[in-house]
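> Would you mind keeping the following structure in view while I ask a few things?
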């Protein structure tokens, strides 16, 4: 499982275009307390506070840790990040999100598997206390656990009508892109193609993406572009209506059940 996640993170990092960071990337954080590649820069430090910039490459994260008697404010400057406190579900954070961590709260944060995350932390400095107490590393199971923020997902049903003379060729290409997308892109939760029992030229695809960023990443992949360009002349009509879950709480249970 660990090798699989590492391979996926590496693949997705190669697929992601490098983005300039707001602050200098600094040095690589020690592997003892981090998983994957984490860049860190201390931007300022006084007797009362320390401001630090982190750039988490896709799939990377720090270890479980806490700040003795100190408050920390986490700000997401770019990308998508995970954040979790002990005993609480994992959260998905985006650019502009701010989280305040209470003193002595065990927590971790990092990037999603499909996107990097640039973060800024402002942490109180408490006399005679360490800045952070490092605990154990975040397990692959914890990192890959479902995000409870179902509202962040993109859910829709693509309605495709195919010219009959191209049906067999279209289905072959569609099967290939669905398989590659689910296998290679962690942000693609589901691509489920179906044919109408009454009219085989009517194809419906249930699409679920973890986030808008994951969807945009999907559109840039080589396998999707091959599908899009290769089937333009085969498709008679295409509709992409956006959908909303009627019962988000049940959706959470569905994804949790799949992880068991």
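> How would you rank 58-70, 179-191, 219-231, highest first, on the average number of other Cβ atoms within 10 Å across their residues?
58-70, 179-191, 219-231
> Give the relative contact order (percent, whole number) for the stretch 151-259; include only Cα pairs under 8 Å separated by 6+ residues.
41
> Same structure again: For the residue pair residue 126 and residue 176, what label-to-label distance in nm results when each label sits 7 Å from Cα along the Cα-to-beta-carbon direction?
Placing both labels 7 Å along Cα→Cβ, they lie 5.9 nm apart.
> Separate question: I need the peptides 36-46, 100-110 ranked by packing, meaning the mean over residues of other C-beta atoms within 10 angstrom, with the highest value on top.
Values: 36-46: 15.7, 100-110: 17.5.
Put in order of decreasing packing, that is 100-110, 36-46.
> How large is log10 I(q)/I(0) at q = 0.15, 0.18 Å⁻¹ when the Debye formula is applied to the Cα atoms of the stretch 151-259, each weighted equally and without solvent?
Treating every Cα as an identical point scatterer, log10 I(q)/I(0) equals -0.67, -0.94.
> Multiply the residue gap between residue 43 and residue 106 by 0.36 nm, knock off their C-alpha separation, and tell me the result in nm, one decimal place. Could the numbers behind the result be given before it?
Numbers: separation 63, 0.36 × 63 = 22.68 nm, distance 2.39 nm.
That works out to 20.3 nm of additional length.
> I need 176, 85, 118 ordered by Cβ neighbour count within 10 Å, fewest first.
Details: 176 14, 85 18, 118 23.
Going from sparsest to densest Cβ surroundings: 176, 85, 118.
> Let me ask something additional. How many nm is it between the label spots at residue 246 and residue 229, if each spot is 7 Å from the Cα in line with the beta carbon?
That separation, rounded to one decimal, is 4.2 nm.
> Under the Kirkwood approximation applied to all pairs of distinct alpha-carbon atoms, what is the hydrodynamic radius of the stretch 70-170 in Å? Write out the running numbers ahead of the final one.
Working: mean 1/r = 0.0609 Å⁻¹.
Hydrodynamic radius (Kirkwood, Cα pairs) of the stretch 70-170 is 16.4 Å.
> Let me ask something else about it. FRET efficiency for residue 197 and residue 97, Cβ-Cβ distance as r, R0 = 51 Å, nearest 0.05?
So, using R0 = 51 Å, E works out to roughly 0.70.
> Rg (Å, one decimal) plus Dmax (Å, integer) for the alpha carbons of the stretch 32-125?
That works out to 12.3, 38 Å for Rg and Dmax.
The numbers here are math on the coordinates, done by the rules we state, and not lab data. Given the structure is predicted, the values throughout are model-derived calculations rather than measurements. Note that each Cβ is placed from the backbone with ideal geometry, even for glycine, and that neighbours are counted across all protein chains shown.
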